[in-house]
Amino acid sequence: MNNESLLQFPCDFPIKIMGDGGSDFRPLVVDLVRRHAPDLDETRITLRDSRAGRYQSVTIVVWARDRGQLDAIYQDLSAHPRVTIVL
């Protein structure tokens, strides 16, 4: 098995987070990501509501330094009870 990453770091890396909607969902996931990417650029965040408005999708593009940083972001996001899916 080859452990080499297909990504070349540092790089822009989009993370899509889906979960229960509400006015506090975006700040919640931004805070979780910012713990590992303090230089997060707010202009690289997009938000979409589901048709019924119950769920939201937040896409955050981070400047990823290494694989460990991405793994930590995914772990924190996936562990939160309001987050349904992280892609």
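Before moving on, here are some points about what is shown:
- The range 11-40 residues that are closer than 16 Å to Ala79 by Cβ, paired with ones that are among the acidic types (Asp, Glu) (beta carbon under 7 Å, 6 or more apart): Leu32/Asp76; Arg35/Asp76
- Of the candidates Leu77, Leu87, the single residue that is under 16 Å from Phe13 (Cβ atoms) and surrounded by 13 or more Cβ atoms within 10 Å (Cβ to Cβ) is Leu77.
- Search result, residues across the range 43-66 that are without any contact (Cβ under 8 Å) to a residue 12 or more places away in the chain and not in a strand (DSSP E or B): Thr43, Arg51, Ala52
- Applying the set (1) surrounded by 14 or more Cβ atoms within 10 Å (Cβ to Cβ); (2) over 10 Å from the mean Cα position of the chain (by Cα) to Arg48 leaves exactly one unmet item: (1).
- Enumeration of residues in the range 51-68 that are more than 11 Å from the chain's Cα centre (by Cα) and either more than 19 Å from Gln8 (Cα to Cα) or among the β-branched types (Val, Ile, Thr) (or both): Arg51, Ala52, Gly53, Arg54, Tyr55, Gln56
Only the coordinates and a few stated rules stand behind these numbers; no lab work does. Quick caveat, the model's predicted, so the values are computed rather than measured. Note: ideal-geometry Cβ built from the backbone for every residue, glycine included; neighbour counts use all protein chains shown.
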